[in-house]
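The values are calculated or read from the model by the stated rules, or taken from the named source; none is laboratory data. Predicted model only: the values in this text are computed from it and were never measured. When we count neighbours, we look across all protein chains shown, and the Cβ atoms used for this are built from the backbone with ideal geometry, even at glycine.
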Protein chains: 2
Amino acid sequence: MFKGGYTGKVLRINLTEKRYTEEPLREDVAAKYIGGAGVGIKYMLDEVPTKCDPLGPENNLYFSLGPLCGTDAPAASRVMIVTKSPLTGAVAKSSGGGHFPAEIKFAGYDMLIVEGQAETPTWLWIKDGKVHFREANHLWGLNTFDTQQLIKDNLGDQNVRVACIGQAGENLSAFASIINERHASGRKGVGAVMGSKNLKAIAIRGENEVPVANKKAFKAALKSMFEAMKASEILYPHFSKGGTPMIIDNMFELGLFPTKNFENTGEWDPLDYLGSEVGGEKFNIAREFCYKCPVGCSQVKLAREGPFKGMASIPEFETMYSFGGMTMMHSFNEVIAADRLCDEYGMDTISCGVTIAFAMECYEKGILSIDDLDGIDLKWSNAEAMIQMVHKIAHRDGIGDILADGVKKAAERIGKGSEKYAMHVKGLELAGYDPRGAKAHGLNYATGYTGADHCLGYAFQEMFSIPVPYPVNRLDYKGKGRLTKWNQDTRSAVCDCAPMCGFILDMALADVCHKNTADLVNAIAGASYTPDDIMLCGERVNNVARIFNIRAGFTRDDDTFPERIMTEALKDGGAKGSIIPPEERDYMLDEYFEDRGWTLAGVPTAERLASLGMEEDIAKLRDFA
Amino acid sequence: MFKGGYTGKVLRINLTEKRYTEEPLREDVAAKYIGGAGVGIKYMLDEVPTKCDPLGPENNLYFSLGPLCGTDAPAASRVMIVTKSPLTGAVAKSSGGGHFPAEIKFAGYDMLIVEGQAETPTWLWIKDGKVHFREANHLWGLNTFDTQQLIKDNLGDQNVRVACIGQAGENLSAFASIINERHASGRKGVGAVMGSKNLKAIAIRGENEVPVANKKAFKAALKSMFEAMKASEILYPHFSKGGTPMIIDNMFELGLFPTKNFENTGEWDPLDYLGSEVGGEKFNIAREFCYKCPVGCSQVKLAREGPFKGMASIPEFETMYSFGGMTMMHSFNEVIAADRLCDEYGMDTISCGVTIAFAMECYEKGILSIDDLDGIDLKWSNAEAMIQMVHKIAHRDGIGDILADGVKKAAERIGKGSEKYAMHVKGLELAGYDPRGAKAHGLNYATGYTGADHCLGYAFQEMFSIPVPYPVNRLDYKGKGRLTKWNQDTRSAVCDCAPMCGFILDMALADVCHKNTADLVNAIAGASYTPDDIMLCGERVNNVARIFNIRAGFTRDDDTFPERIMTEALKDGGAKGSIIPPEERDYMLDEYFEDRGWTLAGVPTAERLASLGMEEDIAKLRDFA
């Protein structure tokens, strides 16, 4: 199909047996999936029982890099953490940046696999080809920042890189994250899987150079990439100065910024409180750079007033949505505080904020009483109540114990019609774009293998009017199946496998991303991918993940939207009146499945799998045809 | 007097003019004072107008090391920060450990002097003989931990060492501290001086080896020292496992652990809440080691329960006193939380806790109303109220604005007899040993050049029944003048000038400390001090500081105790009935002045100064004879 591929080394660590082995990365898998998420998911499909308990010892954690990571390629220090999600029961893929991903490569590994379950709290110290199993009883109960610092101090090396969980992961919150530096692998509860394994942290240090097969070709590919980045008017200076929060004004004007738990009543204008005029760059105090990234989009913001004055964090657009728009906060300061606490506790800010907004709506609608909420007056816009709830969720204290499992399970436990206010797909809380105002993006939420995930097939065409691969009307539902497939396959290959930060794709490389990825991967790995090959790699990722999910019990019925999206038209804003009724959803799904070469039940066909070179996986769907 | 001395290099930084110069350390000063505090104070006496505003541009900040610092000598990574204190108006000397002190030596300096006042917030980056004046507007408002991390990230080097202030220093709290890592140079408001200079942080990195003149002699001296340390039954394993909090049970039993703002009613037993049975090592999660210290006494403790669960810090015995005993807290958890917040805000835990205890007593006695306290019900034992007050003090919010200046000035502003409850000497809040139960230690509080400071002439003879230089009865007041002089001179030379951590002196080296210091300094600096010379260096320190204070306006009247110590006998505990009435105080002072060769007014005589080789300073007392 294509010549060559990525060769590399896997470090497999078994916590139950306290042993580790090095093994070569399977070359066939690397060739078909490039690296990153694709490699991780394919390994998981082959190794993890699809029906297993995500929090049991049979589940594995894959920390998968990719050929670009650790090289001079910009924005490529990304780790894809793959596991079976305790939040959804489906495939989890949670991406993280910083320096930790590159450090794994420097240590000589292309993937870490963590298996089993330690008997008692443990942290791992990986250096010079050795894995040290260290006792972590003392670190249990500690937040993520202190954990990182104490481990660095313990090792006497401040340049060690550490990924760890906080209290939320220890307490098995279904949306617990894994944190390195201030970077979160936030979504789908990967931190709970780490917690279930009694694994507090992984510390790693390496000094190997990542080999590049063809240095001249690599230099040329880098040059093209930097030129494309420099030419982007969005990337420089806007994005590098403003980071993701810069898009809030635009998103709100398009009707894409959800408020009041997606009720979007129009009674409250987030730009008065969170927009760039009143917040934005005024709150910025510093930029953080991931390894070898020239952009530095992570904008550290400082709370300036109120009870959380002096707290600093890096709230992204998504956090402004979940802890700002959804809960109708009255200033940035609260959003910064909630973000900081979530990072310290190791909790996903999207799921946590959306879950609190759900509880707010339940409270306002009388489904939850103040007694149910442990006396907390969880009204819309009540910042102190919101922050109290963050603490309670992290510690599974009182009502926090119910909310720590996310909106889907919380609604199941609370009942009384609360399901109507639970904004999730497949159990994953919606990210910050209203599907009603961007229907390819919406279809991506409905069909994404991890749930309502903005990191799978982000529809930049709809958000930013970028006419790649072709111009679209964001409110149309027809023709969105094809676009969603393109977005999902592109992003999977380019961002999740190569890897490359999604922001670069969206803002600078949309039209050249397949070629750019092919050029870089070919130069580094001595491969010979064409741009079309790259797309095929991405398509494989979405197929292999689908196979896992189908075997785990998911069907077409799970490819859907929260009730509100299908029954309430947007009340206000730039997409006023828009809705996705069930018949539109069905139409979009049919089109999407057809483009994917799947049955109308959403099952990949043997023919399509064969055409993708995935023959060995066909049998896995024997019982689901 | 003695041959040779310490040679070194001073980095003088002027913030007003944004320039810096390197100059040799004055050899005569180094010879007479060894290094550290002595050198810093002598420089200050010669350079800083004694009547100047501590928060004005005329005041300087001296970061003075000493010959042992940065070498293989254990427990010697100590910096003495010397300045005119905004809390007392007297000499401030505030010691700090960690790695920052050694790093200054690695950068090639024996002292940093910071002069003037930056026009706008600034941080300094010192490397390779260059000082970079960096804009710090963005860091203003940030806590000390985040400040350190952002600077390390900014410099792209996690091994940079940073000393900085938090919000308390920015807001000129008179007891603001300077923090490096988790180590505080806590007392006397050195952080406010840094804040007044608009100096947020000093980052430093060095790679020079600290030269040792006679390596063989150094090795032998180290061997003796390690042997003495190993032979100490207190140091290993007790102190290395328990740190300073281990002494609380013993101190309480001796009647030395103050409770209820020194009212010590006996109604409340701190051992029920803070003692080793209920707290102590159970809360420990990790040890932190200062550079080249084998002991690692800094015990990181984790709050296990209640609203502050998950907070971690290193509360020392002194913090257990100020935020535990003085306020009658009901568990360790609150003490840990208060300690952590003080470190983050950059505030002295002793002064802050004692000031809050003062406000509690004023509230309980009706001097302060709940309205005066911004609605906070600041009763004894109210943990949440105490923590709220910590926040308010750091931000100078409401009542916090008054309390941020310490008990002396707060009592002056509050009036209504509140002075009676202000536990300070010369404006410095008492450290955690009741003078009534340890009278040499008390006399040290009364006469110490910085105020009621446990770090000047700690009377280990009284705390631990160590018969060095001779056995004493801690409740006697006679004969304490001589002991206090011995303690002050010893500690000044050995701990503050050499330098060496005071805990090692107290717990392992009491009987050999002068010889140990002489051996180490001689080997490193090629000097030829005798043990007696070492004592003389310490005596000079206490004289030169006294000269500064006299010129700043202090008299014998300031060498006294808080009213409560002189009018209320201890109501309970191991020193029940003990008191220091004014006549005892006067007796002790007379004896002390006589031993020091000072006049009965407490002024050093020309004869004594001449005998100490301090002829050049005699004229400075011309108007105060």
Practice task
Taking B:GLY457 as the residue in question, decide whether it is part of a loop (DSSP other than H, G, I, E, B), at pLDDT 95 or above and crowded, with 24+ Cβ neighbours inside 10 Å.
Solution key: yes
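Matching residues to (1) more than 19 Å from B:ASN542 (Cβ to Cβ); (2) among the hydroxyl-bearing types (Ser, Thr, Tyr); (3) touching a Gly at 6+ places or on another chain (Cβ under 9 Å):
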position	(1), (2), (3)
B:TYR6	yes, yes, yes
B:ILE41	no, no, no
B:LEU45	no, no, no
B:PRO57	yes, no, yes
B:ASP72	yes, no, no
B:THR88	no, yes, yes
B:GLY96	yes, no, yes
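Just to confirm my filter: which helices (runs of 4 or more DSSP H) fall fully inside region B:514-625 and include at least 3 residues that are without any contact (Cβ under 8 Å) to a residue 60 or more places away in the chain and touching a Lys or Arg at 6+ places or on another chain (Cβ under 9 Å)? Lay out the reasoning, then the answer.
Values: elements: B:531-552, B:563-567, B:582-596, B:606-611, B:615-618.
Because the criterion is at least 3 residues that are without any contact (Cβ under 8 Å) to a residue 60 or more places away in the chain and touching a Lys or Arg at 6+ places or on another chain (Cβ under 9 Å), no helices (runs of 4 or more DSSP H) in region B:514-625 meet it.
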Exercise for the section: For region B:184-197, indicate whether the set of residues that are under 23 Å from A:GLN158 (Cβ atoms) and within 12 Å of chain A (Cβ to nearest Cβ) is non-empty. Expected result: no
Handout entry: Within region B:363-431, helices (runs of 4 or more DSSP H) holding 1 or more residues that are at positive phi
Key = B:406-414
Handout entry: Selection within region B:566-613 - of a type in the set (S, T, N, Q) and over 30 Å from B:PHE252 (Cβ atoms)
Key = B:THR599, B:THR605, B:SER611
Practice task
Hey, can you tell me all the residues within region B:268-317 that are of a type in the set (Val, Ile, Thr) and either within 9 Å of another protein chain (Cβ to nearest Cβ) or surrounded by fewer than 21 Cβ atoms within 10 Å (Cβ to Cβ) (or both)?
Solution key: B:VAL278, B:ILE285, B:VAL300
Exercise for the section: Might you let me know whether region B:94-117 holds any residue that is within 24 Å of B:SER298 (Cα to Cα) and polar (S, T, N, Q)? Expected result: yes
Problem - Identity of the residue in region B:114-146, within 26 Å of B:LYS84 (Cβ to Cβ) and among the acidic types (Asp, Glu), that ends up farthest from the chain's Cα centre (by Cα) - result: B:GLU119
Completion exercise
Residue hits (region A:44-59; of a type outside the set (A, V, I, L, M, F, W, C) and either at pLDDT below 95 or surrounded by fewer than 23 Cβ atoms within 10 Å (Cβ to Cβ) (or both)) are A:ASP46, A:GLU47, A:PRO49, A:THR50, A:LYS51, A:ASP53, A:GLY56, A:PRO57, A:GLU58
Completion exercise
Per the filter on region A:261-314, residues assigned to a strand (DSSP E or B) and among the small types (Gly, Ala, Ser) are A:ALA286, A:SER298, A:ALA312, A:SER313
Practice task
Name the residue, out of A:PRO67, A:PRO86, A:PRO74, that is farther than 30 Å from A:ASN214 by Cβ and modelled with pLDDT of 95 or more.
Solution key: A:PRO86
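Anything in region B:121-160 that is hydrophobic (A, V, I, L, M, F, W, C) and touching an Asp or Glu at 6+ places or on another chain (Cβ under 7 Å)? List them, or say none.
Our first condition is that a residue be hydrophobic (A, V, I, L, M, F, W, C); within region B:121-160, this holds for B:123-126, B:131, B:133, B:136, B:139-140, B:142, B:145, B:150-151, B:155, B:160.
Residues satisfying the conditions are B:TRP140, B:PHE145.
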Completion exercise
The residue that is surrounded by the most Cβ atoms within 10 Å (Cβ to Cβ), considering only those in region A:370-399 that are within 14 Å of chain B (Cβ to nearest Cβ) and of a type in the set (Gly, Ala, Ser), is A:ALA394
Completion exercise
Flagged in region A:1-30 as small (Gly, Ala, Ser) and modelled with pLDDT under 95, in numbering order, are A:GLY4, A:GLY5, A:GLY8
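For the structure I just gave you, tell me whether B:LEU45 is on the phi < 0 side of the Ramachandran plot and outside any loop (DSSP other than H, G, I, E, B). Give the derivation first.
Details: on the phi < 0 side of the Ramachandran plot: yes; outside any loop (DSSP other than H, G, I, E, B): yes.
When the stated conditions are applied, B:LEU45 passes them.
Can you tell which of B:ILE367, B:ILE356, B:ILE336 is within 14 Å of another protein chain (Cβ to nearest Cβ) and among the β-branched types (Val, Ile, Thr)? Spell out the reasoning first.
Values: B:ILE367 fails: within 14 Å of another protein chain (Cβ to nearest Cβ); B:ILE356 fails: within 14 Å of another protein chain (Cβ to nearest Cβ).
On inspection, the qualifying residue turns out to be B:ILE336.
Looking at B:LYS365, B:LYS379, B:LYS392 in this structure, which one is closer than 29 Å to B:LEU55 by Cβ and of a type outside the set (Gly, Ala, Ser)? Please lay out each step first, then the result.
On the way: B:LYS365 fails: closer than 29 Å to B:LEU55 by Cβ; B:LYS379 fails: closer than 29 Å to B:LEU55 by Cβ.
Answer to the selection: B:LYS392.
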Problem - Matching residues in region B:126-143 - criterion: being within 20 Å of B:LEU15 (Cβ to Cβ), in contact (Cβ under 8 Å) with a residue 24 or more places away in the chain and of a type outside the set (Gly, Ala, Ser) - result: B:ILE126, B:LYS127, B:VAL131, B:PHE133, B:LEU139, B:TRP140, B:LEU142
Exercise for the section: Can you tell me which residue within region A:85-134, out of those that are part of a helix (DSSP H, G or I) and more than 14 Å from every other protein chain (Cβ to nearest Cβ), is nearest to A:SER173 (Cα to Cα)? Expected result: A:PRO101
Practice task
State the number of residues belonging to region B:486-518 that are more than 12 Å from B:MET225 (Cα to Cα) and of a type in the set (Lys, Arg).
Solution key: 1
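Could you tell me which residue of region B:448-475 is nearest to B:GLY427 (Cα to Cα), considering only residues that are of a type in the set (Ser, Thr, Tyr) and more than 15 Å from the chain's Cα centre (by Cα)?
At the first step, the residues of region B:448-475 found to be of a type in the set (Ser, Thr, Tyr) are B:449-450, B:458, B:465, B:470.
Still in the list and also more than 15 Å from the chain's Cα centre (by Cα): B:465, B:470.
Numbers: B:SER465: 30, B:TYR470: 32 Å.
Checking each candidate, the answer is B:SER465.
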Completion exercise
Only one of A:GLN148, A:GLN158 is buried (at least 18 other Cβ atoms within 10 Å of the Cβ) and either touching a residue at least 60 places away in the same chain (Cβ under 8 Å) or within 14 Å of chain B (Cβ to nearest Cβ) (or both), namely A:GLN148
Completion exercise
A:LYS241 passes all but one of the listed conditions (1) farther than 22 Å from A:LEU505 by Cβ; (2) out of contact with any Cys (no Cβ under 7 Å at 6 or more places or on another chain); (3) of a type in the set (Lys, Arg); (4) within 14 Å of chain B (Cβ to nearest Cβ); the exception is number (1)
